[in-house]
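First up is the structure itself, then whatever we jot down about it.
The values are calculated or read from the model by the stated rules, or taken from the named source; none is laboratory data. For clarity, every value in this text was computed on a predicted model and none was experimentally measured. A quick note on method: Cβ atoms are made from the backbone with ideal geometry, for glycine too, and the neighbour counts reach across all protein chains shown.
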Amino acid sequence: MPKQTKELTAIEVKRLTEPGRHPVGTVPGLYLWVRDTGTKNWVLRTMVKGKRADIGLGGYPGVTLADAIKRARGVRDDIAKGSDPLAKKKAAKAELMTFQRAADEYITLHRASWKNAKHAQQWENTLATYVYPTIGTLPVKDVKTEQIKDILTQHWNTKNETMVRVRNRIELVLSWAMASGHRERGLNPAAWRGHFDKILPKPSKVNNRKHHAAMPWQDVPEFMRKVSQVEGMSARCLEFTILTACRSGESRGATWEEIDLNGKVWNIPAERMKAGRAHRVPLSDRVVKLLEALPRIEGEPLVFPGSKENTPLSDMSLTMLLRRHATGVTAHGFRSSFRDWAAETTSYPGEVCEMALAHAVGDAVEAAYRRGDLFAKRAALMQDWAAYATKPQEAAGTVTPIRAAA
């Protein structure tokens, strides 16, 4: 039992400034904790069910000495009657932890580990649209399977890809709540395996996801001839994207520091890649020529800067360019055009073509033994692709009239 000390007056408490725990007397175990920052809090050190516990009673001067004494006596009386103030406090905290607040906590904690701000925004938007209207204000400890089912079944067959993400996000938030003590451990009511896979049809049965609209590979050379005549950074960026078979986000974010013109290689760092792995892109002679012709702006790190300083071209800039010159085609779709061309007109191995697209090849064991990235073979592939995509228009045949016999 803490030893009772000299009772301090309100004036003496006010004068306490030295960092540390200062016993104030009157109630055994009652301290004023002065932090290094100068803030002051009341703490009651006592025993709860045989274990020592420090119970916060509020901050000073918001809670006066008289209030702290009253609160401390109340807590000690509750303990004497068999009550557990820590459990009550934890329960009260859990009661206040709504699903929306838990989701906000999860997003805040994980935001830095996500590759870009867009991912966090997608989390916030999908939860606000589909989840919060149903369970946002509900204590996270009370979220049940039926409520999640109501959320998912509304759009499972019509917006399946989105709802698959929504279910996964609900599951992650509830898992965090369990691990953080805001919810009892046990079956996660949003779990798929062994739970929702018995309730909802498999995504593969209802997913109507469409592939990115792609241009037939036979039409690429004619399209590239059109784009080459268009002035502006958007056209050059689209050419670069097609000739490197990369994703438009990777090309729009390219910096001159990543480009080695002498070595004919573009080194994309892991944080800018979809798979989170660094990727080397061999640059064909045509791409090197394109890059050498671009203007270099002092102090501007981006290869394809937008209208604002140090801001890349927007995705919409490429979309608008495509709408003017190729109806119903996406920039991402040219990766499919490249892959179809390689499969149907070349003898390059599939793994070389897939690695050119920065796709994972083989299983984890195979990947562990493959130390190289087939760069030399990919360089030859990209040289052939550029030669095909930028080939000049074939001249029309000349018709020679047949002279009548003399």
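Assorted remarks:
- Qualifying residue in segment 35-53 (condition: small (Gly, Ala, Ser) and surrounded by 11 or more Cβ atoms within 10 Å (Cβ to Cβ)): yes
- Per-region count, segment 239-267, residues without any contact (Cβ under 8 Å) to a residue 24 or more places away in the chain and crowded, with 23+ Cβ neighbours inside 10 Å: 1
- Scanning segment 280-300 for residues that are out of contact with any strand residue (DSSP E or B) (no Cβ under 7 Å at 6 or more places or on another chain) and not in a loop (DSSP other than H, G, I, E, B), we see that the one that is surrounded by the fewest Cβ atoms within 10 Å (Cβ to Cβ) is Glu292.
- Condition met for Glu146 (acidic (Asp, Glu) and exposed (fewer than 14 other Cβ atoms within 10 Å of the Cβ)): yes
- Segment 301-312, residues that are in a loop (DSSP other than H, G, I, E, B), at pLDDT below 90 and either under 19 Å from Trp266 (Cα atoms) or acidic (Asp, Glu) (or both): Glu309
- Single residue of segment 10-27 satisfying the filter (part of a loop (DSSP other than H, G, I, E, B) and either of a type in the set (Gly, Ala, Ser) or touching a residue at least 40 places away in the same chain (Cβ under 8 Å) (or both)) that is surrounded by the fewest Cβ atoms within 10 Å (Cβ to Cβ): Gly25
- Residue match in segment 59-77 (condition: assigned to a strand (DSSP E or B), among the β-branched types (Val, Ile, Thr) and assigned by TED's automatic domain parsing to the domain that holds Lys14): no
- Matching residues in segment 313-345 - criterion: being within 25 Å of the chain's Cα centre (by Cα) and in a loop (DSSP other than H, G, I, E, B): Leu313, Ser314, Thr330, Ala331, His332
- Of the residues examined, Leu30 is not one that is buried (at least 18 other Cβ atoms within 10 Å of the Cβ), at pLDDT below 85 and not basic (Lys, Arg).
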